[in-house]
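K.L.:
I have a structure I would like to understand better, so I am pasting it below and will then ask my questions one at a time.
The values are calculated or read from the model by the stated rules, or taken from the named source; none is laboratory data. Computed from a prediction, not measured in an experiment: that's the story for all the values here. Glycine gets a Cβ as well: all are built from the backbone with ideal geometry, and neighbour counts include every protein chain shown. Calculation scope for accessible area: heavy atoms of the full protein, side chains included, ligands and nucleic acids excluded. Shrake-Rupley method; radii C 1.70, N 1.55, O 1.52, S 1.80 Å.
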Amino acid sequence: MSIRRLATLLWVAGSIGAVQASPPNAADIRKQIMQQARPQSASVAQHALMKKRTELLQQGEAALARVDVDAALKAFDQAAGILHAADTEMGLVRAYMQGGEYRRALAFVAHTAQAHREVAGAAALYAWLLYSGGQSVNATQILGDAASLFPRDTLLAEARRQLDSRAPIATGALLKLPARMAPFGPMAGSPSASRVASTGVLIDRGKRALIPLAAVGKATTVWVRDGLGRSSRAAVERRVAASDLALVRLSDHRRTGSSHGCRRSVPRQCRLRRRVRRDCKRDAELAAVKQRLHRKHVC
């Protein structure tokens, strides 16, 4: 090998060695640091978002407990923007119900139960609202399908037991968040020993309510609370044994709005109204019942 060729090889080898041993430039250092920091930064940001979501859910529940529907909706909406989750959506459903928007609540809870089939509470709340609107067959089917996925779930079992009783009461597991199946609101003026006895429907522009006859018994007065959490004393006006219903008149009635869309939203309740009117068609007061029916909580 010639001296010139040997010198060339040594120079090339030396050049390669110099390149390999040269320190990285500033751009490479910044890139490496960013690549190492990105997973950690993303984890910190995700944790912060989940913490914020938890706070928003707590704010929404607190707002519902004090019957501040607007504040509850705002908090739950913000939480929904962070994560698509069943607990957030059930909070929104209950806020809609607390605000008197049954149809909106029913449509949204139907989505929740379908999109979050892994959450038994979503199916239970959907079934409860279906039953409240007179769709007892569909409610039973929803509970049956959910029970096949969660055969030992206590919430589903209690919901089924209550709906099968024909005078459902939201107690025990049915009052736990996030699938709470009763509105919030104080029973102002009611006896301290009062207890939830049944559910019913508000009729006649909020002046009267229809409740199961079995829930009234021999009482002449009861206390009722609507989906907005408002309470009132009610006097038993009539017992309709043929329909297993009692008609009560509220001392503090409130207008419930028009009856537009009643057939679509509460078909069973409409049928109940027609039955009562047919059975009592000579009763002038019952003949005036023409308004939209709303769910009532009776104490």
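K.L.:
So if I check each of Arg292, Arg271, Arg263, Arg275, which one is modelled with pLDDT under 85, within 27 Å of Asn138 (Cα to Cα), under 26 Å from the mean Cα position of the chain (by Cα) and in a helix (DSSP H, G or I)?
P.N.:
On the way: Arg292 fails: in a helix (DSSP H, G or I); Arg271 fails: under 26 Å from the mean Cα position of the chain (by Cα); Arg275 fails: under 26 Å from the mean Cα position of the chain (by Cα).
Of the residues listed, the single one that is modelled with pLDDT under 85, within 27 Å of Asn138 (Cα to Cα), under 26 Å from the mean Cα position of the chain (by Cα) and in a helix (DSSP H, G or I) is Arg263.
K.L.:
Then there is this: Find the residue count for the range 208-241, including only residues that are out of contact with any helix residue (DSSP H, G or I) (no Cβ under 9 Å at 6 or more places or on another chain), of a type in the set (D, E, K, R) and buried (at least 21 other Cβ atoms within 10 Å of the Cβ).
P.N.:
1
Here's the yes/no breakdown for (1) part of a strand (DSSP E or B); (2) hydrophobic (A, V, I, L, M, F, W, C); (3) closer than 28 Å to Ala159 by Cα; (4) modelled with pLDDT under 65:
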| residue | (1), (2), (3), (4) |
| --- | --- |
| Pro178 | no, no, yes, no |
| Arg205 | no, no, no, no |
| Gly229 | no, no, yes, no |
| Lys281 | no, no, no, yes |
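K.L.:
State whether one or more residues within the range 68-89 are more than 30 Å from His47 (Cβ to Cβ) and either under 14 Å from the mean Cα position of the chain (by Cα) or modelled with pLDDT under 95 (or both). Break it down into steps so the answer makes sense when it comes.
P.N.:
Quick first cut of the range 68-89, residues more than 30 Å from His47 (Cβ to Cβ) only: 69.
This time we only want the ones that are either under 14 Å from the mean Cα position of the chain (by Cα) or modelled with pLDDT under 95 (or both), so: 69.
So far as the range 68-89 goes, yes, one or more of its residues are more than 30 Å from His47 (Cβ to Cβ) and either under 14 Å from the mean Cα position of the chain (by Cα) or modelled with pLDDT under 95 (or both).
K.L.:
Evaluate the range 119-128: report whether one residue or more is open to solvent by less than 70 Å² (accessible area, probe 1.4 Å) and at pLDDT below 95. Reasoning before the result, please.
P.N.:
So the first thing to find is which residues in the range 119-128 are open to solvent by less than 70 Å² (accessible area, probe 1.4 Å), and the list is 119-128.
Keeping just the survivors that are at pLDDT below 95 gives 128.
Checked the range 119-128: at least one residue is open to solvent by less than 70 Å² (accessible area, probe 1.4 Å) and at pLDDT below 95.
K.L.:
Scan Gln98, Gln114 and give me the residue that is touching a residue at least 60 places away in the same chain (Cβ under 8 Å) and at negative phi.
P.N.:
On the way: Gln114 fails: touching a residue at least 60 places away in the same chain (Cβ under 8 Å).
Answer to the selection: Gln98.
K.L.:
Looking only at residues in the range 191-207 that are touching a strand residue (DSSP E or B) at 6+ places or on another chain (Cβ under 8 Å) and either under 17 Å from Ser165 (Cβ atoms) or of a type in the set (Val, Ile, Thr) (or both), which one is surrounded by the most Cβ atoms within 10 Å (Cβ to Cβ)?
P.N.:
Gly200
K.L.:
Within the range 132-143, how many residues turn out to be open to solvent by 30 Å² or more (accessible area, probe 1.4 Å) and either basic (Lys, Arg) or within 11 Å of Ala120 (Cα to Cα) (or both)?
P.N.:
Of the residues in the range 132-143, the ones open to solvent by 30 Å² or more (accessible area, probe 1.4 Å) are 135-138, 140-142.
Still in the running and either basic (Lys, Arg) or within 11 Å of Ala120 (Cα to Cα) (or both): 142.
Total satisfying the criteria: 1.
K.L.:
Give the residue, chosen from Gln162, Gln141, Gln135, that is free of Cβ contacts under 8 Å to residues at least 12 places away in the same chain and either more than 19 Å from the chain's Cα centre (by Cα) or closer than 26 Å to Ser243 by Cα (or both). If you could, list the steps in order and put the result at the bottom.
P.N.:
Numbers: Gln162 fails: free of Cβ contacts under 8 Å to residues at least 12 places away in the same chain; Gln135 fails: free of Cβ contacts under 8 Å to residues at least 12 places away in the same chain.
It is Gln141.
K.L.:
In contact with a Leu (Cβ under 9 Å, 6 or more places away or on another chain) and of a type outside the set (Phe, Trp, Tyr): is that true of Leu83 in this structure? Walk me through it before giving the result.
P.N.:
Details: in contact with a Leu (Cβ under 9 Å, 6 or more places away or on another chain): yes; of a type outside the set (Phe, Trp, Tyr): yes.
So Leu83 fits the description; yes.
K.L.:
Same structure again: Which one of these does Arg195 not meet: (1) part of a loop (DSSP other than H, G, I, E, B); (2) within 23 Å of Ala63 (Cβ to Cβ)?
P.N.:
(2)
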